[in-house]
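Structure first, then comments.
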Amino acid sequence: MLVSLNWLNKYVDISHISPEELAERITKSGIEVERIEYIGEANPDVIVGYVESCEKHPNADKLKVCHVDIGQDETLQIVCGAPNVAKGQKVIVAKPGATLPGNIKIKKVTLRGVESNGMICSLQELGIDEKYIPSEYADGIYIFPDDVHVGERVESLLNLDDVVLEFDLTPNRADSLSMLGVAYEVAAILDQPLRLPEVSVNEIDEEAKHYVNVTVESTDLCSYYGAFIVKNVDIKPSPLWMQHFLMAAGIRPINNVVDITNYVLLEYGQPLHAFDYDRLNSKDILVRRAIEGEKIETLDNVERQLTNEDLVITNGKEPIALAGVMGGANTEVHDGTTNILLEAAYFDPGSVRKTVKKTGLRSEASTRFEKGVDPNRVRQAGVRACQLLEKYANAQVLKGVVEYDKLDRSEKTVVINTDNINKRLGSEMTSEEIAHILKKLRFDYEQENKEFTVHVPTRRGDITIFEDMLEEVARIYGYDHLPYTLPKHFSQVGALTNRQQLIRKLRTFLQGAGLMEARTYALTKEKYATRFLSPEIQAINPHPISVQKPMTEDHQYLRLSLIPELLKSVAYNKARNEYDLAFYELGNIFISKEEVITKQPAEELRLSGALTGEWVDHKWQGASKQVDFFVVKGILEGLFQYLQLPIEYKASKLPQMHPGRCATIYMNNEPIGFLGQIHPLVQKEMDLKETYVFDLNAEAILDAHTHHATYEPIPKYPSIERDVAFILDEDVLAGDVKSLIEKIGSPLVKAVHIFDVYSGEHLPKGKKSVAYNLVYQDPNKTLKDDEVDISFKDIIEQVNKTFDAYVRS
Amino acid sequence: MKEKLETIHKEAVAKIKDINDMKSLQELRVKYLGKKGSITSVLRGMGKLAKEERPIIGEMANKIRQAITSSIEEKQAKLEQEAMDKQLQEEVIDVTLPGRPIQVGGPHLLTHIVQEIEDLFIGMGFEVKEGPQVETDYYNFEALNLPQNHPARDMQDSFYITNELLLRTHTSPVQARTMNAYKGEKPVKMICPGVVYRRDHDDATHSHQFNQIEGLYVDKDVRMSDLKGILNLFAKKMFGEDREIRLRPSFFPFTEPSVEMDISCKVCSKKGCSVCKQTGWIEVLGGGMVHPRVLEMAGYDPKVYTGFAFGMGTDRIAMLKYGVNDIRQFYMNDKRFVTQYHQA
């Protein structure tokens, strides 16, 4: 809502307060003033001039030489290029010395040999936005009506001394979609008297009811329809002040009839519609739901197909307007219009909203109907328009209004009580203060001691319950004046749950291990939605979930893996010459088995990562370490050790992963994720270098972790170590050998470490050597060498037998 | 015998003086002081001496032994010192060379902010609650006093999945779910951080995915001044003790009265600048007293229980606090950006 302060000043005296201070007061009382716009600047050198003569320029076809009377001794000779300049006009003249918006300085100049002492101006040149300028002046200079005085400064004539406040209205404050509503608000805030317009019409004896019958068929969608008949209108431009108020409010002036309906719309917040009576071809107005498939050509010359949900105004046969949204082209007021049917109505907000949503025709009118207009202003607004038509269109207003009226104009009653108010706000207001606030708001009330029965005016449809009145009192009292307190009962102990604490520990561990936390989008493109699925997710055979109206294809499907978007981040960095990356992310994936989704999907927290480039950069201390499978595995092993979880890794071939460098991760024989290098072809496709990823079901990890650390006695007896290197076939897995050693060595073997892996020239082809370090320990006694020897020998025999291995000497 | 001992003494002192290495010094020690050394062999001849001379010679021999011992020790200390000096000299390193690098990780800036806010409210007795990101229309809207066709739904253009399911547009459904779970029987004191989604085009100030933190406190006798008190504490801890807060009336369907909170602009100290759009104030959060219908729908009797709720955009808070000027930075994971905030 754009609020002209010159206009507002007609209803409430704001002359004593600066626009900035007023904006601040309004903002603090609940309507945010987004912008303060000065329409123009004071400029004594821009005045009204009278074009005494206008001749063709001797040396230029498109220029004219004018002599302009500016009310001083001598006329000014001005060269003008505007196509519409002519003798006898009253125009805007910028004298030499004037500065126009855009810092344009007007000087005496010679144009093609003719002296020019100033400029005849268009409205654009005074800084007025072209879209609000009446169309006849859009391409040339502005021409005043005759009644302005030569030599007069133009600021007030053109409303250039106005300041406009732009309101950012919250949806509840439909009352402030009108100048009168704003006036009530400002009068309350400033505690000032209110000057409402005096509305009266000199109706002629002829009665409107002889010209029109009003019938409402869809009474659920229209509770009031009033038809005023206005005869012999003189279509012409509206008065300057009205044009300029409309322009300040962001509406382009058209002609007096259209301008008056718009003016009343802005003043009362009540949209009106003027039909050309003679084009109705009927005396009937019938308001009904459209018939399915029925058509109407609206004012914007678009033919629209209607449905049973749309409300239409008809002439008894065919639609002549889309109720509350837009009029029909065939009954539009035009230059030759003489008689008018003026509509003032109350349409159901929901119905208007539906039609607007469907047609996309949001207008000043529909915006107000959608939020609900003030029932007590509907008819009054029609009368106000008739008054203005009488005055500014020389029209005759017929007696009476033909109406259908089932409008509920009753006021809501809300009871408040001083103690209640203070209890809820924490304030210490007196009943007198509350009474004063109600007076400022101009709400009627009856008071009995501390109790107020408030009759909320219908313009404030947003106030229906005690809490609404509570806010109303509090905001006029001033939120600033409420004390700062802490809640009276403040007993509960706050703490993170075990799960939340563990998530923080996970983060701390991973960050300590050198990973940076990333955050990516949960909505991804279709192609990525089913990539890099962890085996246990793939096993469910999930159906990717699409949003109905994506903003872009890149963000359409809910992710089933964090990895594709993480890889996008890796590629984004690579494109910016950042090659060494180690990311982790904790985020949800969205799992649904339904092909057509009906239930909320399962949301599962995943812990994923992507690593590439140099792991540790040893610039001067020898070779740097590149990220490889074992860097990633090392981090995960560290994590699982930290969380004390039993984890196994098994080689696996997964889609999009390198078939020889990928492992599925198992906990208690259940897959919970995977790690590995992404497939070289995928790397190429996504423009990545060698990149490793991991993905874990964080829920499983969080659930499995027990939060009880129990004391285990520190071993008192020494341990004994044995080393052995086995020569194995290349395809024997070192981990399988290790598992066997652990199994056979139990319970004396406390730990098995692999400390060397070798294949090459000293070994037969197809063979490798893997060296194991075994740590023996008995918690209850000192182990003897021969005990260990027996076990060690047994292990070697079993390994040799099982894996066709032999000990490397 | 006396002479012999004196000769040994002189000879030993002279030799010790000339020695420059530990090995030779050890040899000398053996030669003079050892079991088969010179002094011992002299003393072996003691039996031939007269009885009264023996103690005199014995004492003399002991003195000489001690003298030689201390000379050797002195020399040994000197040699050790020299050896240590030499070793230290050889071990000099260039301390200005860089250290052996370790891989440094760190949290996302939003995680950092969330944890800071969580800890602040945990300190005031709040719990941290979570909820699903794919929500039902009921919890996202209806339970929050936003029935179908409510004009305020225009404010939130949403990613619907079906007519009944959508990506939550705010974290408020977690409030409704928590109140429902508590069945109107006990106070609620919670905050809920989380990811939310709106149908916005991504640009410097809009993101189709962003984060919110909301708070809810429902109990008997909760006053609007309590909301003011809590928010004031929060703002000062979060943005600095020197910042002022201002509450303005506003509108949200789930609170009545509703507020918006501004903090004074740090850049211009309320004088007005481009950061605060010339107003001197920066909007940081919205809130208000929980609407009685919301309480009622969640099973709380609004005549007995009252409460306040507030919510803020985590991304926005982070942008304000750390001067980040493009919200997309939070989701691009540009290393040059991410690493700036590891110590935040």
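The values are calculated or read from the model by the stated rules, or taken from the named source; none is laboratory data. Just so we're clear, the structure is a prediction, and the values are computed from it rather than from any experiment. Cβ sites come from the backbone with ideal geometry, for glycine too, and all protein chains shown count toward neighbours. The area values use the complete protein model at the heavy-atom level, side chains included, leaving out ligands, DNA and RNA. Shrake-Rupley method; radii C 1.70, N 1.55, O 1.52, S 1.80 Å.
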Next on the checklist: Nearest 500 deg cm²/dmol is fine: what mean residue ellipticity at 222 nm does chain A get from its DSSP H runs of n ≥ 4 alone, each adding -39,500 (n - 2.57), divided by its residue count?
Outcome noted: -7500 deg cm²/dmol
Checklist entry - How much accessible area is lost when chains B and A come together, counting both sides, with a 1.4 Å probe, in Å² rounded to the nearest 100? => result 8100 Å²
Checklist entry - Convex hull over the alpha-carbon atoms of segment B:109-341: what's its volume per residue in Å³? => result 126 Å³
Next on the checklist: For a quick check, take a GNM of chain B with Cα springs below 10 Å and name the residue from B:Asp21, B:Asp242, B:Asp262 with the largest mean-square fluctuation.
Outcome noted: B:Asp21
Checklist entry - Other chains near B:126-138: what is the mean number of their Cβ atoms within 10 Å of each residue's Cβ? => result 4
Checklist entry - Shielding of A:474-484 by partners, i.e. mean partner chain Cβ atoms within 10 Å per residue? => result 5
Item to check | Distance between modelled label sites at A:Ser156 and B:Gln278, nm, 7 Å Cα→Cβ extension | outcome: 2.5 nm
Checklist entry - For chain B, modelled as a Gaussian network with Cα springs under 10 Å, which listed residue fluctuates most, B:Pro55, B:Pro187, B:Pro257? => result B:Pro55
Checklist outcome for this item: The percentage of the accessible area of segment A:1-101 (probe 1.4 Å, all protein chains present) made up of carbon and sulfur atoms, to the nearest whole number, is 46 percent
Next on the checklist: A drop of at least 50 square angstrom in accessible area, chain alone versus all protein chains together, probe 1.4 Å. Which residues of segment B:80-108 meet that?
Outcome noted: B:Arg100, B:Pro101, B:Gln103
Checklist entry - How are the C-alpha pair distances of chain A spread across 20 Å bins, as whole percents from the shortest bin up? => result 12, 26, 25, 20, 12, 5, 0
Next on the checklist: For segment A:499-704, what does the accessible surface come to per residue with a 1.4 Å probe? Please give it in Å².
Outcome noted: 42 Å²
Next on the checklist: How much length would be gained if the chain were fully extended between B:Thr40 and B:Ser70, taking 0.36 nm per residue of separation minus their Cα-Cα distance, in nm to one decimal?
Outcome noted: 9.1 nm
Checklist entry - Roughly how many percent of the accessible protein surface of chain B is carbon and sulfur, given a 1.4 Å probe and a whole-percent answer? => result 52 percent
Checklist outcome for this item: Under the helix-only model (-39500 (n - 2.57) for each DSSP H run of 4 or more, divided by the residues of chain B), the mean residue ellipticity at 222 nm, to 500 deg cm²/dmol, is -13000 deg cm²/dmol
Next on the checklist: As an exercise, use a Förster radius of 25 Å and the Cβ-Cβ distance of B:Thr96 and A:Asp617 to find the FRET efficiency, rounded to the nearest 0.05.
Outcome noted: 0.85
Item to check | Of the trypsin sites (Lys or Arg not before Pro) in segment A:530-632, those whose Cβ has at most 13 other Cβ within 10 Å and which sit in DSSP loop | outcome: A:Arg576, A:Lys593, A:Lys599, A:Lys619
Next on the checklist: Just to be sure I understand: with springs between alpha-carbon atoms less than 10 Å apart, which residue in B:Met297, B:Met224, B:Met84 has the highest mean-square fluctuation in the Gaussian network model of chain B?
Outcome noted: B:Met84
Item to check | Of the GluC sites (Glu not before Pro) in segment B:138-237, those whose Cβ has at most 12 other Cβ within 10 Å and which sit in DSSP loop | outcome: B:Glu185
Checklist outcome for this item: Most packed first (mean Cβ within 10 Å per residue), the peptides A:342-348, A:746-752, A:283-289 order as A:342-348, A:283-289, A:746-752
Item to check | 5 angstrom amide H check on A:Ser719, placed H, neighbours 5+ away | outcome: none
Checklist entry - Counting only DSSP beta bridges with both residues in segment A:499-704, what percent are antiparallel, rounded to the nearest 5? => result 95 percent
Item to check | Accessible surface, per residue, of segment A:412-481 when the full set of protein chains is kept, probe 1.4 Å, Å² | outcome: 43 Å²
Checklist outcome for this item: One finds, for A:Leu645 and B:Val104 with R0 = 35 angstrom and r their Cβ-Cβ distance, a FRET efficiency to the nearest 0.05 of 0.85
Checklist outcome for this item: Those GluC sites (Glu not before Pro) from segment A:1-57 that are DSSP loop and have at most 16 other Cβ neighbours within 10 Å turn out to be A:Glu41
Checklist entry - Each residue of segment A:233-243 in order: what ³J(HN,Hα) in whole Hz does its phi give by Karplus 6.51 cos²θ - 1.76 cosθ + 1.60, θ = phi - 60°, with x for Gly and Pro? => result 6, 9, 6, 7, x, 6, x, 3, 4, 5, 4
Checklist outcome for this item: A 1.4 Å probe over the protein heavy atoms gives segment A:438-516 a carbon and sulfur accessible-area percentage of 50 percent
Next on the checklist: At 0.36 nm per residue, and after removing the present C-alpha to C-alpha distance, how many nm does the segment from A:Asp736 to A:Asp146 gain when stretched out fully?
Outcome noted: 202.0 nm
Checklist outcome for this item: Given a 1.4 Å probe, the accessible area of chain B per residue, as a whole number of Å², is 47 Å²
Item to check | Calculated from backbone phi, Karplus (6.51, -1.76, 1.60) coupling profile of segment B:298-304 in Hz, x at Gly/Pro | outcome: 8, x, 9, 7, x, 7, 9
Checklist outcome for this item: Between A:Glu130 and A:Asn800, the two model label points (7 Å from Cα along the beta-carbon direction) sit apart by a distance in nm of 9.7 nm
Next on the checklist: Taking the Cα centroid of segment A:50-64 and of segment A:269-336, what is the distance between the two, rounded to the nearest whole Å?
Outcome noted: 48 Å
Next on the checklist: With just the Cα atoms defining each centre, how far is segment B:81-103 from segment A:93-111? Give it in Å.
Outcome noted: 79 Å
Checklist entry - Given the Cα-Cα distance of A:Leu496 and A:Glu207 and 0.36 nm per residue of separation, how much length would full extension add, in nm? => result 96.3 nm
Item to check | Built amide H within the under 5 Å cut-off of A:Gln548, gap 5+ | outcome: B:Tyr160, B:Ile161
Checklist entry - According to a simple spin-label model (label point 7 Å from Cα along Cα-to-Cβ), what is the distance in nm between A:Asp168 and A:Val757? => result 5.9 nm
Item to check | For A:Tyr445, residues with placed amide H under 5 Å, excluding near neighbours | outcome: A:His455
Next on the checklist: Quick one: 3J(HN,Hα) in Hz for segment A:92-105, Karplus 6.51/-1.76/1.60 with θ = phi - 60°, rounded, Gly and Pro as x.
Outcome noted: 8, 10, 9, 6, x, x, 6, 10, 9, x, x, 6, 8, 9
